[in-house]
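The values are calculated or read from the model by the stated rules, or taken from the named source; none is laboratory data. The structure presented is a predicted model; accordingly, all values stated were derived computationally and were not measured. Cβ sites come from the backbone with ideal geometry, for glycine too, and all protein chains shown count toward neighbours.
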Amino acid sequence: MRSGVERPVVFSCEGEPLIGILHTPTSTGASVGVLIIVGGPQYRVGSHRQFVQLARGLAASGYPTFRFDYRGMGDNAAQFGGFEHVTADIRAAVDAFLREAPGLDGVVLFGLCDAASAALLYVGGDSRILGLVLANPWVRTTGGEAKSFVRHYYGQRFLQRSFWHKLAKGELNVVSALHDFFSKLGRSMVHAPRHAYGTSGSFIDRMLQGFTSFAGPVLVLVSERDLTAQEYRDLCRSSLQWKAASARPNVMTIECAGADHTFSTRIVHEQMISDVARWLGWGVGSDSRLSHQLQGRQA
């Protein structure tokens, strides 16, 4: 159900026209708006219309919300350069958002998957960014993916009765399964090279730099049933720097029970929207009582 007014906005990024949708609440006292950054090869609607529903849900809670397409995505022309190269697109969207909603003091960035990564790569250069919502941040490496797969997929698979039932009935290709397991186990034992700050390090190093330098409120949403989320959690366990960054007082992490990568079920998605809206009231707004409602669900 719609809440408030929704209208298209055409704006420019380095000479190329971009398209966004502005969701303006019927009435609002909010001093911040939410800019939804799209992750993966998607456009502004999102998988199962999740970004439409998110924007409408936040607008219903009184927060102006803006969702848009990068160059090369959705209805936009030019070439999509990948999430590591969308700084100009995000800046143009922030410009357009604040121009179309002039009463706002600043913007909170919401990003899912590699859009969360893009938000961390961007945040250090724009003082108008007042908060971050990072859903299942993308921190994938070959070794990290294999390690999470071995730990979380195979660890759970071996405990399932259905696995042993299929094995006993000869319904599994044992040779292929063992080859896949040991292949991933081998890759999981390979350590990715480290890079120093200030150099041309990996995108994960640059994400960490953005994370540690941002002093505003941060909400991290971690889906229970998602490999990408588990990779992020494993990184925060294994890296002292990531562990320290995620444990700062300005960072709240919520374990989203039953959620998959895109929060695809109605109940889970509605809970996610509710958590974000309440965090906005606590973390970026003025109602500190809401912190107590969310604290109990922290990971």
Test Phe263 against the criterion of being in a loop (DSSP other than H, G, I, E, B), surrounded by 15 or more Cβ atoms within 10 Å (Cβ to Cβ), at pLDDT 95 or above and not aliphatic (A, V, I, L, M), and give yes or no. yes
Can you name every residue in segment 78-100 that is in contact with a Gly (Cβ under 8 Å, 6 or more places away or on another chain), loosely packed, with under 15 Cβ neighbours inside 10 Å and either charged (D, E, K, R) or assigned to a loop (DSSP other than H, G, I, E, B) (or both)? Gln79, Gly81
Condition check: over 27 Å from Val139 (Cβ atoms), at pLDDT 95 or above and either in contact with a Lys or Arg (Cβ under 7 Å, 6 or more places away or on another chain) or crowded, with 17+ Cβ neighbours inside 10 Å (or both). Does Gly4 satisfy that? no
For Gly57: the one exception among (1) small (Gly, Ala, Ser); (2) closer than 16 Å to Asp95 by Cα; (3) in a helix (DSSP H, G or I): (2)
Evaluate segment 221-228: report whether one residue or more is of a type in the set (A, V, I, L, M) and assigned to a loop (DSSP other than H, G, I, E, B). no
Picking from Ala88, Ala101, Ala60, the residue that is touching a helix residue (DSSP H, G or I) at 6+ places or on another chain (Cβ under 9 Å), modelled with pLDDT of 90 or more, in the same structural domain as Gly281 (by TED's automatic domain parsing) and not polar (S, T, N, Q) would be Ala60
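Every residue, every condition in (1) at pLDDT 95 or above; (2) more than 18 Å from Val32 (Cβ to Cβ); (3) of a type in the set (D, E, K, R), yes or no:
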position	(1), (2), (3)
Ala192	no, yes, no
Gly198	no, yes, no
Leu227	no, yes, no
Leu240	yes, yes, no
Val276	yes, no, no
Gln293	no, yes, no
Gln298	no, yes, no
Given the conditions (1) within 25 Å of Leu219 (Cα to Cα); (2) touching a helix residue (DSSP H, G or I) at 6+ places or on another chain (Cβ under 8 Å); (3) buried (at least 17 other Cβ atoms within 10 Å of the Cβ), and given that Ala55 satisfies all but one, which numbered condition is not satisfied? (2)
Does Leu35 fit the bill of being in a strand (DSSP E or B) and either closer than 14 Å to Leu109 by Cα or hydrophobic (A, V, I, L, M, F, W, C) (or both)? yes
